[in-house]
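A.B. asks: The following block contains the structure, expressed as structure tokens.
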Amino acid sequence: MIIQEYCMYCGACAGVCVADAIDVQELKIVVDDEKCTKCGLCVKACPVAALSLE
Amino acid sequence: MDYTTDILVVGAGPSGSLAAREAAKNGADVILIDLKSEIGSPKRCAEGVSKQGLIDLGIQPDKRWIARKSNGVRLVSPDQTSVWLSEDTIELPESGFVLERKVFDKHMAMDAARAGAKIMIKTRATSLERVDDGIVVTANKMGEEIKIHAHIVIAADGPGSRIGRWAGLDCNTKFNNMESCVQYEMAGLEMENNNVIQLYFGTVAPGGYTWIFPKGEDIANVGIGVLKTHTDKTAIELLDEFIKNCPETQHAQPVEINVGGDPVGGLIEERYGDNILVVGDAAGFVNPLTGGGINTALESGVYAGIVAAQAITDGDYSKKNLKEYYNLTKENIGKNYDKYKKAKEYLLSLNDDELNDIAHEFVKVDIDEISPKTLVKLLIKVSPKALLKLGKLF
Ligand SMILES: Cc1cc2nc3c(=O)[nH]c(=O)nc-3n(C[C@H](O)[C@H](O)[C@H](O)COP(=O)(O)OP(=O)(O)OC[C@H]3O[C@@H](n4cnc5c(N)ncnc54)[C@H](O)[C@@H]3O)c2cc1C
Ligand code: SF4
Ligand code: SF4
């Protein structure tokens, strides 16, 4: 997963991730590559297109 | 370091702070944690709230957190026909005040503290483990790993919620129910009426709407929520287009950007279990039609706080003993949501031409005669499918 610097850590992506792979911190998000199934839902849900699958 | 408490509330948004306040008021030991360094900031909200809804929960309006009072709503169709509704004639959900949420959320947390809750800021729950008599949550508190042992955990962790899932509940928001939202707080707007909240419908915002919520003479939250099942564009692309084209926003400048998800699928069934209650956005307490969730986040928090404190008194933290929370929220919130959800489905079924036709019919009516019933009658006149979808609801 590529996370753009302008991500604002809102958690919309984490909310829809059925694999529970996204950890939202105050000033950072971390995607767990082992849990991630590359379904792409988080990429679509992000209001500002801050995520992309490699 | 290890902590022990009766009730741990994760998340100090409106739902968590009210849950903590009520639980503490009812005699329980409460810890309230939030990952943020400043409760309430950044805001992820357009800040429209029902005044009566606050008063009903014992929250006295305070000018420190009210940015502006609104007295009505303007609905704008795709061909720019405006329907003006006044608060005097029709009860409008989530309207009355436009808040300063950064201040409001802090004040709600302060009330929780005054009731006796212990607050830990910059403290992020990182995992959860069930033990014999409760739950142990591991958290990162200012860089230090801590463990909090609680009999009951109240998950108030917002639209990106994970706590309920960690406790084994099937409570995450489905992709097709998550509004993808972005908003600018802007100055220099030229609003025709800066005392009403405005909603723009149609292809400007597929699956949702665009809003302008006034916070001052020329200041407003200008935002959008879209369902990504309805568009390939991103929320920010659509919002930027809107701002460029709307005469009221064309010359305005942003001073803040806010993003977020808004779960509009209605109440999540699995919102309670042994030793756990899920409140606010985390359990879908958002009006499916309007996307408004502040009032119901607060209300769900109150029920959870009361029920959890009672369970502590009973010494019984089982799912069965916590079911009262489910019942209270179903009765007082869920029933209305079912109606709003149907109304939303109907709204989403309309194309731009149909929305325009409806707006044209509405502007002919004397504003004083508008009530939910007359609105539905009118709708059925212009749009026969309204009868099918709405006829029996209102
Ligand atoms: C753009 C936008 C506009 C909106 N406009 C309106 C509106 O005008 N009117 C309205 O009524 N509603 C509106 N809503 C919805 C409203 O903002 C929410 O319903 C409301 O904030 C829900 O409150 P909450 O307490 O459930 O969650 P939140 O306010 O989201 O609070 C959750 C808290 O949990 C914390 N947290 C999360 N995970 C953890 C963790 N692991 N550990 C510790 N803390 C954690 C977060 O930091 C946060 O403070 C809008 C939403 C969006 C996205
Ligand atoms: S939805 Fe987008 S902006 Fe929000 S946390 Fe996820 S990647 Fe960041
Ligand atoms: S691609 Fe799918 S599984 Fe991976 S983080 Fe995004 S939503 Fe989760």
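The values are calculated or read from the model by the stated rules, or taken from the named source; none is laboratory data. Note that the structure is a prediction, hence the values are computed from the model and not measured. Positions of Cβ are generated from backbone atoms using ideal geometry, with glycine treated the same way; all protein chains shown enter the neighbour counts. For the accessible areas, the whole protein counts, side chains as well, though only heavy atoms, and no ligand, DNA or RNA atoms are used. Shrake-Rupley method; radii C 1.70, N 1.55, O 1.52, S 1.80 Å.
A.B. asks: Rolling a 1.4 angstrom probe over the protein heavy atoms, how many square angstrom per residue are accessible across chain B?
C.D. replies: Heavy-atom SASA per residue in chain B reads 41 Å².
A.B. asks: Return the average number of partner chain Cβ atoms within 10 angstrom of each residue Cβ along peptide A:32-41.
C.D. replies: Across the residues of A:32-41, the mean count of other-chain Cβ atoms within 10 Å is 1.
A.B. asks: Using the crude model of +1 on Lys and Arg Cβ and -1 on Asp and Glu Cβ, and no other charge, please compute the dipole size for the protein assembly as shown relative to its Cα centre, in debye to 20.
C.D. replies: 600 debye
A.B. asks: Here's a follow-up. On average, how much accessible surface per residue is there in region A:2-52, in Å², for a 1.4 Å probe, leaving out ligands, DNA and RNA?
C.D. replies: Roughly 47 Å² per residue, with all protein chains present.
A.B. asks: Sticking with this structure for a sec: Determine the total buried accessible area between chain B and chain A, counting protein heavy atoms only with a 1.4 Å probe; round to the nearest 100 Å².
C.D. replies: 2100 Å²
A.B. asks: Across peptide B:167-173, how many C-beta atoms of other chains are within 10 Å of each residue C-beta, on average?
C.D. replies: Whole-number average of other-chain Cβ neighbours for B:167-173 is 2.
A.B. asks: Here is a further query. Determine the gain in length on full extension of the stretch B:K118-B:E324; use 0.36 nm per residue of separation and subtract their C-alpha separation, reporting nm with one decimal.
C.D. replies: Computed gain between B:K118 and B:E324 is 71.6 nm.
A.B. asks: Quick one: which bits of region B:237-276 get at least 50 Å² less accessible when the partner protein chains are in, versus the chain alone, with a 1.4 Å probe?
C.D. replies: When all protein chains are present, B:V259 each give up 50 Å² or more of accessible surface.
A.B. asks: Once the convex hull of the alpha carbons of region B:344-390 is built, what does its volume come to per residue, in cubic angstrom?
C.D. replies: Spread over its residues, the Cα hull of region B:344-390 gives 68 Å³ apiece.
A.B. asks: Percent of accessible area on region A:2-52 owned by carbon and sulfur, 1.4 Å probe?
C.D. replies: Here it works out to 55 percent.
A.B. asks: Determine the principal axes of the Cα atoms in region A:2-52, then give the extent along each, sorted from largest to smallest and rounded to whole angstroms.
C.D. replies: Extents along the principal axes, in whole Å: 24, 19, 18.
A.B. asks: Can you tell me the order of A:30-38, B:269-277 when each peptide is scored by its average per-residue count of other Cβ atoms within 10 angstrom, highest first?
C.D. replies: By packing density, highest mean first, the sequence is B:269-277, A:30-38.
A.B. asks: Multiply the residue separation of B:Q250 and B:S86 by 0.36 nm, subtract the distance between their alpha-carbon atoms, and state the gained length in nm to one decimal.
C.D. replies: Length gained, B:Q250 through B:S86: 56.4 nm.
A.B. asks: Across the Cα atoms of the protein assembly as shown, what radius of gyration and what greatest pairwise Cα-Cα distance (Dmax) are found, in Å?
C.D. replies: Over the protein assembly as shown's Cα set, Rg and Dmax evaluate to 21.4, 67 Å.
A.B. asks: What FRET efficiency comes out for B:E38 versus A:C36 if R0 is 41 angstrom and r is the Cβ-Cβ distance? Round to the nearest 0.05.
C.D. replies: With R0 = 41 Å, the Cβ-Cβ based efficiency is 0.85.
A.B. asks: With angles folded into 0 to 90 degrees, how steeply does helix B:372-382 sit against the dominant principal axis of chain B? Use alpha carbons for both and round to 10.
C.D. replies: Here the helix axis deviates by roughly 50 degrees.
A.B. asks: Over the whole of B:37-50, what's the average partner chain Cβ count within 10 Å per residue? Rounded to a whole number, please.
C.D. replies: That average works out to 1.
A.B. asks: Give me the percent of the accessible area of region B:176-296 that comes from carbon and sulfur atoms, probe 1.4 Å, all protein chains in place.
C.D. replies: The C+S portion of the solvent-accessible surface of region B:176-296 is 50 percent.
A.B. asks: To the nearest 10 degrees, how steeply does helix B:294-314 sit against the main Cα axis of chain B, on a 0 to 90 scale?
C.D. replies: 20 degrees
A.B. asks: Okay, next question. Need the C-alpha centroid separation for region B:346-360 versus chain A, integer Å.
C.D. replies: A separation of 34 Å, based on Cα centres.
A.B. asks: Here's a follow-up. Multiply the residue separation of B:N351 and B:N71 by 0.36 nm, subtract the distance between their alpha-carbon atoms, and state the gained length in nm to one decimal.
C.D. replies: In short, 97.9 nm is gained.
A.B. asks: What does the net charge come to around B:F201 if you take all other residues with beta carbon closer than 12 Å to its beta carbon, with K and R at +1 and D and E at -1?
C.D. replies: It works out to a net charge of -1.
A.B. asks: Further, regarding this structure: Comparing the chain by itself with all protein chains present, which residues of region A:1-23 are at least 20 Å² less accessible (probe 1.4 Å)?
C.D. replies: The answer is A:M8, A:C10, A:A12, A:A14, A:G15, A:V16, A:V18, A:D20, A:D23.
A.B. asks: Report in % the part of the accessible area of region B:118-162 that belongs to carbon and sulfur, leaving out ligands and nucleic acids; probe 1.4 Å.
C.D. replies: That fraction is 48 percent.
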